[in-house]
1. For region 50-102, enumerate the residues that are open to solvent by less than 40 Å² (accessible area, probe 1.4 Å), of a type in the set (Gly, Ala, Ser) and either more than 22 Å from GLY4 (Cα to Cα) or outside any helix (DSSP H, G or I) (or both).
2. Any residue at all in region 104-113 that's free of Cβ contacts under 8 Å to residues at least 12 places away in the same chain and open to solvent by 80 Å² or more (accessible area, probe 1.4 Å)?
3. Tell me yes or no: at least one residue of region 87-106 is modelled with pLDDT of 95 or more and of a type in the set (Gly, Ala, Ser).
4. Restricting to region 8-35, what's the tally of residues that are surrounded by fewer than 16 Cβ atoms within 10 Å (Cβ to Cβ) and within 17 Å of LYS58 (Cα to Cα)?
5. When you check LYS25 against the structure, is it of a type in the set (Lys, Arg), under 20 Å from GLY4 (Cα atoms) and assigned to a helix (DSSP H, G or I), yes or no?
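The values are calculated or read from the model by the stated rules, or taken from the named source; none is laboratory data. Computed from a predicted structure; not experimentally measured. Backbone-built Cβ (ideal geometry, glycine too); neighbour counts: all protein chains shown. These area figures cover heavy atoms from the full protein model, side chains too; ligands, DNA and RNA do not enter into them. Shrake-Rupley method; radii C 1.70, N 1.55, O 1.52, S 1.80 Å.
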Amino acid sequence: MNQGLIPYRYAKALYKVALERNCTKELYQLMGKLAANFASTPSLQEAMCNPFIKTEQKKQLILTAAGIDNNVADDSVATATLNDFITLLDRNKRIAFFRDAVLAYIAIYRKECNISTVKVTSAAPLTPEASERLRKLIAAHKKGATIEYSESVDPELLGGFIVNIDNERLDASIQNELKQLRLKLLSH
């Protein structure tokens, strides 16, 4: 996913600082929480772009979204690095790019650490055997990559499953097959 040049440059700089401070993985975990909260709470991004919300309030929102309690002493290097990053973005009037920088950092970290994301969506919950078989096939396909695996159920698929591996997609759902059949019938 391309978030733009400015957020990417900030994220790349953040990654380099995290490397120097030996906290890339911890920062990646914080960024994962932030990305999930930005996705589930669109008003969080609206707050970042709102010029009437003070910087300290934005910083508190970010820390809360990252799961950091500002009332509890947290002397982790990752938290300090995140605080420094927020301060840098604010000082450069780039806080509105925070969400995109978070997503860019996640992408950079995954690329540098050879991590692939896999999302399996099925019409019904997979059996443990089917899930394990699918995981083995994906691991063989991604040779040596670390896999971040998630499963979800979507009854609208009617049957079958969809596998998204990074930017690849295998759609073996009945819904897709019906759609393909409909397109063939319409083209004749």
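1. Answer for region 50-102, where residues must be open to solvent by less than 40 Å² (accessible area, probe 1.4 Å), of a type in the set (Gly, Ala, Ser) and either more than 22 Å from GLY4 (Cα to Cα) or outside any helix (DSSP H, G or I) (or both): ALA65, ALA66, ALA78.
2. yes
3. Within region 87-106, one or more residues are modelled with pLDDT of 95 or more and of a type in the set (Gly, Ala, Ser).
4. 1
5. no
For every residue, the table says whether it meets (1) of a type in the set (D, E, K, R); (2) surrounded by 11 or more Cβ atoms within 10 Å (Cβ to Cβ); (3) part of a loop (DSSP other than H, G, I, E, B); (4) in contact (Cβ under 8 Å) with a residue 60 or more places away in the chain.
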site: THR121; (1), (2), (3), (4): no, yes, no, no
site: ALA124; (1), (2), (3), (4): no, yes, yes, no
site: GLU129; (1), (2), (3), (4): yes, no, no, no
site: LYS136; (1), (2), (3), (4): yes, no, no, no
site: LYS143; (1), (2), (3), (4): yes, no, yes, no
site: ILE147; (1), (2), (3), (4): no, yes, no, no
site: PHE161; (1), (2), (3), (4): no, yes, no, no
site: LEU170; (1), (2), (3), (4): no, yes, no, no
